[in-house]
Structure formats: C-alpha cells, structure tokens
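Below is one structure, written out as structure tokens; the observations come after it.
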Amino acid sequence: MTNTVNGVTYDYRTSYGILDYNQAETNCIQYFGGHMVSYINYDEFYHSLSYLMSWGRATTDIQVWLGIFNIQSISTWSNADFSTSAYLRWNPNEPNNVGNAERVGKLFVSNVWQANTVSTGVGNGLFGYFNDVPTDHQLCFLCRKLSTPLLSCNGVLASSSSVCNGQGSCAAQNKCVCSGSYTGLNCQTLMTKPVPSGTLGSCRALIKANNQLLSGYYFINGVYDNNYSGSTSLVYCDMSQDFGGWTQVASIDKVVVGAKTQSMVTGINDLGLDYDTIMVRDRGGSYSAIGWSYRSNGFNTTLLGFAFQNDNSKFYFQAGGPTPGCTHTLNYLPSSQFTLPYGNYSLVQMTKPSGLARLTGIVPAIDGSNLATSSGYCDGGYLNNGYALRIDVYVRKKYTCYGISEYVFGSVCSGRGQCTADNNCVCDTGSSGAQCQIYSCSGIDYNNPSVCSNGNGTCTSLNVCTCRTGYNGTNCENYYCNGVISSNSAGCSRNGTCVAPSTCNCNAGYYGSSCQSWNCNAIINTNSAGCSNNGTCISPNTCNCNAGYYGPSCQSWNCNSVISTNNAGCSNNGTCVAPNTCNCNTGYFGSSCQSWNCNGTINTNSAGCSNNGTCVAPGTCNCNAGYYGSSCQSWNCNSVINTNNTGCSNYGTCVAPNTCNCNAGYYGSSCQSWNCNGVINTNSRGCSNNGTCIAPFFCSCNAGYYGDSCQAWSCNSVENIDPSVCSKNGTCIAPNTCSCNAGYYGTNCQSWNCNGIINTNNAGCSNNGTCTAPGTCSCNTGYYGSSCQSWNCNTLINTNNAGCSNNGTCVAPNTCNCNVGYYGSSCQSWNCSGIVNTNNAGCSNNGTCVAPNTCNCNPGYYGSKCQSYDCNGILSTNNTGCSNNGTCIAPNSCNCNNGYYGSSCQSWKCNNIVNTDSSGCSNHGTCISPNTCNCNAGYYGANCQSWSCNGVINTNNAGCSNNGTCTAPDTCSCNANYFGSSCVQW
C-alpha cells in the first residue's frame, strides 16, 4: 500500500513478510528504487505515524525498521543513503547500544492512540519513539519512493562494484546485462560459450545459438529470425520454462480496489516478434473479487469484471486498441480467454488466438460470452471489490520436427541439427537425412568400415568415436603402451615401437613387455654384476662405467694411471683396490702409498734421517757417507766426533764428516788457517808486504804504512791511492816518493810542456787552447790541430777563403771579415742598387747581380742596372723603335697598339688590305692608320669608294645626265653620241 504525505511517497511493505535490516533495505532498493524511511523533521514523522495507524493497527503495537545506522559512536547516526540523520526521536535512555551490537534503529508505535499527544510531540514515551536494536531483528518496514528511483539490480545499487556479481552492468532497474561469458539474472554463472551477439532478434534466437544461457536480461534487436526490423531492446529472457526461449513482453502490476475498473490493462509490447505461444506467470497476489458492475450512460446492464469461481480468475487478452465510438465487439477475442490459478507464482500457457495480430493489452472479465456478444460495450462500470493483476507475459515461437519441440536440443533433429520449421531439420555439418539421423565421424559415415581410424572404434554420434579398449582420440587414432601415447617411444622405454595397445616391438637386444630389459655380458641390466658391479648396463652389452672404471664390462681401473693389476700404481707399496684407491702395506700411506716415516717425519723430508741420509723404508735410514747412528745423527772431523770442537782446531764446528764450519775468518779442513785481505796468514802479502798477519783480517804494519792491510801511505800528505796523488801525474811508490809519468816532472809531478813551452803558458797551444798534458793541447771551441793552430769558417779551414765565399778572410771559427761591399756570416751576400744579390730586381730583373753594384745583364740589356734595351736600334724609351705604333717592352720586342702589327709595328690594314696596298682605300687614297683612309682630292667615304659628278654620287648616273658614267670626280664617260662635262650634249 502506498501513501503520499508532505510530498514524499511511502509504501508499507507486508507482501514479503517481515525481514531483517539488511534484507529490508535491499527490498526497498530493489522494488522501489529508494531506501528505508528516515525523517527530515517532526512534520514528516507525524504524517508517517498517522499513515501507519490508519491501517487498522490501533489495537496492535507497531514496530517498523528505520533507515538509520551508526558505525562508531551512538551519538552519530546516518541515514541509509549515508547522509546525516536530521530528525531523531529517541525513547528515554536510548540509544544505549547494548552489548555493542545495537547499530540500527527501529520505530516503536504504542497501541494507545492519542492524536493530541502525537500531534504535540509531548508524551510519556509510548506514542512513537526510536530505539536502537541489532540488525537481525525481523520487522516490517517503510520504503521511501523517490521521484527518480535509485537504479539497482537485485538490491545492489548500480554504482556498486559488486552489482551483478561484479560480472556485468545494471542497465535498468533489476536488469543485469552480463559481460563476457557470464549469464543469469545476477550474472552468477560462467558459461563455456559466450553470449551470442546482441543483434539476434529474440530470446528464442539467443538460446538456439547457445543452449547454456540462463534466464536474465539480454539485448535483442526486435527481429525474430530476421523477419522483422525493429530497434535494439533490453528484454528479460526465460531460459528455463519448457526449455526456454521465452521473450518477456509485459510485466504488469495493476491493483484496483473498490473503484472504477479499467477494462483494458495496457503496457504490453510484443516488439513485433513472430510467436505462436503466450505464457503468463503470476508473480504473486493476482486475484479478482466476487461482485458485479453495471454500465452507465444509458446502456443495458452488462456483466463484466472478474469471476471469482472455484479459486480461479479469468482474464482476456485484447487484440488492438480501443475503437472510437465505444464499439469493442471485434477487439475482444473470446478465444483468448485463459484461467490463471489463484496463488503465488502460478503459470499458464496458451496458443496465440487466431486473428491476434499484435498483443497490446489485457482485460479482466467474468466470462467470454458477454464480451463476445455485447454490442456497443464501452469502458466503464464499477466493481465492488476490485482486482489485482501482478503478472509477467511472455511469447515464443515453437516449431516441431517429427513430434519433438525445437527446444529439446539434445533430441530434436536427432540432436544433430536445428528445427527451422515444422518437420524441417537443418542438419549440422557432418549429418544428413530428413531427421539428421545419418551422421559421420571426421567426414566418414558411421557405417563405413574405415570410420574411426579403420575400425579402432565405433562412430556413435556426430564426430564422436567410441573407441575400442586401448584406443582414444577424436578419431580413435591414439593408443598407448604403458600409459604413453604410441607416437612417444617412451611407452616402450624408448627401446622399441608401440605397434598396438600395450604391445611393444622391441629393438634388437631389448626385451620385456615395455622393452624395459636388456643384458650386459648375459646378465640383466638391473643387475650391476653385468658391468662387474662397477657401472650401469645402459643398452645391450653396453656398460656405462662408474667414474674411473673402464673396459667392456667395467672390469678395469687405474691407480695413478697404472692398471690395477700392476702394483706400481701404488708405488709397489700396496694394492690398487678401486680407481685411484690404494690399500697400503704396513707403515706406508698416501694416495699411491708413496709415503712413509722415519723417526716421525715423512720420507720426502730428510730431517727424519737428520738430513744426513735417506728414509728408505718405514723407520729405516740409509746414511750418507761419513754419517752413522740410527737417524744418521753422528759424524767425525779429523777422527774426532762432531760434538768435540778440537777436530776443528777449536776455531770452528764439525758440521759434517771431516767438514768444519770455521769461525769467522778461519778456514782449512781443521780451521787451521786464516787470511789477511784474502791472503793466507803465512804470506805477508795479506798485509801488502808492509806488515804481518797476526789474526784474521788484522795486520801489524811497518813504519810509515797504515790501513787494515797496511796498504796505505802518503806523498805530500795525499794518500797513495788517492787519484790526485802526485798531481795525478805519477805514482806514490813509497811514503813521500812520487814516480812521475812520462813527460811529467817536479817533486809532485806537477809540470809538463806543450811544443816546448811549460804548461802554464798558453802560447804552447797558439793561445787558442790549454796545455792539458805533455804535448797535448785542449783547444778552445772551434779550434783544432796539435797546437790549436787551425779553425774553420763554414766547414772550410781558415787558410781557404772559400769558407768566406772568397769575399773575405776567416779570422776565427765561423767568423769572416768580409771585403768591402760584402756581408753575411760567410760574406755570401752583396747588393746591387741596394737590393740583395739573390733578388734580380737589383738588375731590373734583366740581369744578375754578380758583385756589389755590378750587374751582368741578359742579352739585349745594358746599363749599370740592366735597365736599358733597344727596339730596332732605338732606345726603348723612344717609341719610334716601334714606329710610334707600339711600346718597346723587351729587346727588339714591340707590344703593338690595337690594329698595328709587324716586328716594329710598321704595318696595319684598311679593309683587311695591308696599308702599303692602296686598294685598301679603293686606290683613291692612302691607308694612314688601321681602317683609316686619307682620300685623294674629290674622293670620300670610309674606303674612298665614292666621288661625285656634278654634285651627284658616282653610283647615280644622274650626275652624267644618265647619258654616261661618272668615272672620276666631276668626270663623266659619256655614252656614244653624248658629250660635254655632264654628257648633256649629243
């Protein structure tokens, strides 16, 4: 029931029973597009309370869920839409959150009704107050219907990520459109096949494309088997009732109570589908009441409404819409009557009435005869108790092929085709026959002997081979040996071929049911004795020997690269019992028994025999010559045991047989000798024959001698071995006695001569050096010769002036004194007219500067600077040498002016004729310059080619009166019979 107060529409829900808090909130979202009621102010609360009491509840306490909750604090409450609660009316001592479990609110209304108390809001807590309670209480509830309902699907808001199980979208109220391969009302089921394309025209087309689809909302385009072009629509498809394929065309929720009836309930849209069956399902609560109505407006009384007979209600479908003029006789089809059993969720199917073009509405009536026979029937009338019509209407097209519905997918058309029209099977690929009863497997008919891989199975249905025992695969092409497919040799242990189920054809040398066995040396491979217990038998008579073993049966091995049968691999001191494993004899050890000890020390260490012998066997020393004792620890020096130093004259230690280690400075077989400076003590040379050796390295020197070996004495206070002794020019042969070298003289050998002059006078070296030794001059830099008498200028000896280019004198090494006019380090340069000789410009580039201011002119040039030359015997500065028609640019070489030519520019042309030929001026003048004629008297023109007779040019005979020819200036040659200066006479 609904009621609108203060602009808010409420619906008091009782049809679904009492619910817990979460169920009630879900119900409000799902069915009313809103939330459970909470209050904005007292005015809204008052009207809500009045509405509740008007439903006959005044004698009963009312408890109703409130759409409020708290999460953390009982002082903070939110509405079901998460907004802050605006109006709270708590009972005294509430809220109290008993047990920390009371998180939601309820409204309690007392059975004692006092309007004035309610209206004033003053009371004792018994007339409509709030209380907090747990969510699991079971209560009635009020829903707030919004002007724009909240979009939700199955009680979950469309904006929630969990709507439609998170596997679809909420496209319309309670209408999930599933994504991917999910289906069902709430997208709760995953299919193995995807949902068919939304371009299919009906629920029938969808389920025929995928018979796994569950009931739910789908998009169709209003085209049933492509026979009708409509727009895309979201519809509910019933895929469970009678094999599915039902398209919902109406969902009617019409309730009329004690009011004027409406003869037709509209809201049916069959989408233009082609159908032959109509199905009506009661959603719960459809009924009609006993009673009758009458018609007004002057018509005869006609029975209509619902006939409540035997607990069945009757309805009629209407074809078409209301007809103008209140005439509906033809619009209501008696054949469309159906009976809907009373009670929730009842269902009825009926054949589409003939003549029903499109289904558009439904009308309640008592019986069909009244509607069928009444003329002039119009909408109207009254019904005492009314009716409720809460139904869903579905339509479907159904063909039957050979007695089986097209929707019985596993049976119709033998389960191998589709029934596209009555008794018309369209067979799947691979099937044939009127009922698709003939089928094949992989393109071979089921009764062909070669089917299923030549009889490895039986073709029991389309492309389904039932294989014989041991075979499998789509075409029974597979079989196995020991659980492994035949194409994999592992089924025969990779040692044979699987030729039939569990049948191996073994390769040579292999045997056993899976070719798993073979022999090595006549012993089965699982027994390592076939490989001498030293390896693995990996194939017939093939041993894979363990590390270190070899031989065809792994019978051999080595110790230290020597075969086990030869004890040399264990140093002949043990037995080779495994690869590189020796069992050593007593006293021997080591990987090859190569070791033993003498006196606790390994044999390789001679210390076991005191380093005086060889450890030849465990505890046995072979002493070196002269040694004796169990560990070779004793020996003698000069027949005295090593522990007594008298064997070494008490000057050393007996360290080996007859070997004394003498004290420092002593030696000899018994340390009886010593040296002074490397000379035995018995020889005075050890003290340089200048003293006596009285102890090792200790001399007693004679008078005047000193030093460790009496090796030193002095001459003039300089030690005899000092290089500077005797002025470095002699030998100090005894104390203060010098023996001078050849050429040196003086008490200290301090003097010598060069070229007969004492060394202190440089004249002995031509004053160009120093006398450094007898007859030896050390010349200054650049000087040489026995007396430094020579030097060079530019690598030539000073006595040869060519070192100064023969232009000066070499006065010192590489120093020239140049003659007048010459200069340079080797007097190699001079000038002509102030320009260095290497630049010919000093000779006007017409000659060579051969000496200071002296030019050697090239042929034809002359003058001090070679600056002059002639053309045709005339100085170059006078152009007459070039006939005044050019410039003299080199000896006898004229550069002629334009138009002139010839060796002296003496020639030119007039009209391409040389000037000496008067024809260049037509023989009437002189060619005086290039193409310039000086004409004779009376002649004119560039070439003197013209003249006149009597003032008329010679080419015009009018100058001779046209009676003659003008042959020269004012000279006419008259024609015959004419005469006179102008031939005017005849």
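The values are calculated or read from the model by the stated rules, or taken from the named source; none is laboratory data. All of these numbers come straight from a predicted model, not from anything done at the bench. Backbone-built Cβ (ideal geometry, glycine too); neighbour counts: all protein chains shown. Calculation scope for accessible area: heavy atoms of the full protein, side chains included, ligands and nucleic acids excluded. Shrake-Rupley method; radii C 1.70, N 1.55, O 1.52, S 1.80 Å.
Given the residues 763, 712, which is the only one that is open to solvent by less than 50 Å² (accessible area, probe 1.4 Å), aliphatic (A, V, I, L, M) and within 30 Å of residue 785 (Cβ to Cβ)?
Going through 763, 712 in turn, the sole match is 763.
Taking the condition of being part of a loop (DSSP other than H, G, I, E, B) and open to solvent by less than 80 Å² (accessible area, probe 1.4 Å), how many residues in the stretch 889-902 meet it?
The number of residues fulfilling the criteria is 5.
Is it true that residue 929 is of a type in the set (S, T, N, Q), in contact (Cβ under 8 Å) with a residue 24 or more places away in the chain and open to solvent by less than 30 Å² (accessible area, probe 1.4 Å)?
yes
Kindly provide the set of residues from the stretch 426-441 that are in a loop (DSSP other than H, G, I, E, B) and aliphatic (A, V, I, L, M), ordered by number.
Once the filter is applied, which keeps residues that are in a loop (DSSP other than H, G, I, E, B) and aliphatic (A, V, I, L, M), the stretch 426-441 yields only 434.
Of the conditions (1) open to solvent by 60 Å² or more (accessible area, probe 1.4 Å); (2) in contact with a Phe, Trp or Tyr (Cβ under 7 Å, 6 or more places away or on another chain); (3) within 26 Å of residue 910 (Cα to Cα), residue 934 satisfies every one except a single condition; which number is it?
Condition not satisfied by residue 934: (2).
Kindly indicate the residue of the stretch 403-418 that is of a type outside the set (A, V, I, L, M, F, W, C) and surrounded by fewer than 16 Cβ atoms within 10 Å (Cβ to Cβ) and also nearest to the chain's Cα centre (by Cα) among those meeting that condition.
So, considering only residues that are of a type outside the set (A, V, I, L, M, F, W, C) and surrounded by fewer than 16 Cβ atoms within 10 Å (Cβ to Cβ), the one nearest to the chain's Cα centre (by Cα) is 410.
Restricting to the stretch 573-593, name every residue that is of a type outside the set (Ser, Thr, Tyr), without any contact (Cβ under 8 Å) to a residue 24 or more places away in the chain and surrounded by 14 or more Cβ atoms within 10 Å (Cβ to Cβ).
Listed by number, the residues that qualify are 573, 574, 576, 582, 584, 585, 589, 590, 593.
Per-residue answers, yes or no, for (1) under 25 Å from residue 274 (Cα atoms); (2) of a type in the set (Val, Ile, Thr); (3) at pLDDT below 85:
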| residue | (1), (2), (3) |
| --- | --- |
| 406 | yes, no, yes |
| 409 | yes, no, yes |
| 419 | yes, no, no |
| 436 | no, no, no |
| 440 | no, no, no |
| 448 | no, no, no |
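I'm checking my understanding of the structure. Among residues of the stretch 81-99 that are of a type in the set (D, E, K, R) and either open to solvent by less than 70 Å² (accessible area, probe 1.4 Å) or touching a strand residue (DSSP E or B) at 6+ places or on another chain (Cβ under 6 Å) (or both), which one is nearest to residue 43 (Cα to Cα)?
Of everything passing the filter in the stretch 81-99, 89 is nearest to residue 43 (Cα to Cα).
Of all the residues that make up the stretch 442-465, how many are assigned to a strand (DSSP E or B), open to solvent by less than 70 Å² (accessible area, probe 1.4 Å), of a type outside the set (A, V, I, L, M, F, W, C) and without any contact (Cβ under 8 Å) to a residue 24 or more places away in the chain?
Adding up the residues that qualify gives 2.
Condition check: within 17 Å of residue 673 (Cβ to Cβ) and open to solvent by less than 60 Å² (accessible area, probe 1.4 Å). Does residue 654 satisfy that?
Taking the combined requirement at face value, the residue satisfies it.
Could you tell me which residue of the stretch 594-603 is most open to solvent (accessible area, probe 1.4 Å), considering only residues that are over 18 Å from residue 571 (Cα atoms) and in a loop (DSSP other than H, G, I, E, B)?
Taking the candidates together, the pick is 599.
Can you say whether residue 640 is of a type in the set (A, V, I, L, M, F, W, C), over 30 Å from residue 559 (Cβ atoms), out of contact with any Phe, Trp or Tyr (no Cβ under 6 Å at 6 or more places or on another chain) and open to solvent by less than 60 Å² (accessible area, probe 1.4 Å), as far as the supplied structure shows?
Yes: the conditions hold for residue 640.
Scan the stretch 522-561 for residues that are over 24 Å from residue 581 (Cβ atoms) and in contact with a Gly (Cβ under 8 Å, 6 or more places away or on another chain) and report the count.
6
It is to be established whether one or more residues within the stretch 911-924 are among the acidic types (Asp, Glu) and either open to solvent by less than 80 Å² (accessible area, probe 1.4 Å) or within 19 Å of residue 885 (Cβ to Cβ) (or both).
yes
Which one of these is out of contact with any Ser or Thr (no Cβ under 9 Å at 6 or more places or on another chain) and assigned to a strand (DSSP E or B): 583, 519?
Going through 583, 519 in turn, the sole match is 519.
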